[in-house]
Amino acid sequence: MDKDLKLFAVVGAAALLLFFYVKNNAGEIAAGAGAVVADAGKGVVLGIGDAVGIPRTNQTECEKAMAEGRTWDASFACDEKTFLKFLIGMGQ
């Protein structure tokens, strides 16, 4: 087979696999995209509230410990991902 024909066959097979994956998992993909948009909106609202001094309500124990700088308590109250982000200064 010609080199270009082999490449075309591989790309075509990959495209077919991707098509069937998306077709069979469209609901999950759409739900994930919706969650990303909702989380982004939540972050904007909370950021504006923080900037103007509005205190957050309904904080979890993890969020309270991070806001108060209680690293030891946060290590127990937070999940690993959140706690690691907090430690390296990326989170809350």
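Each value in this text was obtained by applying a stated rule to the coordinates, not by laboratory testing. Being a predicted model, the structure only gives us computed values, none of them experimental. All Cβ positions, glycine included, derive from the backbone under ideal geometry; neighbour counts span all protein chains shown.
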Problem - Two-site label geometry, Leu87 and Gln59: point separation in nm, points 7 Å out along Cα→Cβ - result: 2.1
Practice task
Report the full-extension gain for the segment Arg70 to Ala9: residue separation times 0.36 nm, less the Cα-Cα distance, to one decimal in nm.
Solution key: 16.2 nm
Practice task
Compare the peptides 45-52, 71-78 by average per-residue count of other Cβ atoms within 10 angstrom and give them in order, highest first.
Solution key: 71-78, 45-52
Practice task
Determine, for each peptide in 79-87, 7-15, 60-68, the mean count of other beta carbons within 10 angstrom over its residues, then list the peptides with the highest first.
Solution key: 60-68, 79-87, 7-15
Handout entry: FRET E, pair Asp79, Val45, Förster distance 30 Å, beta-carbon r, rounded to 0.05
Key = 0.85
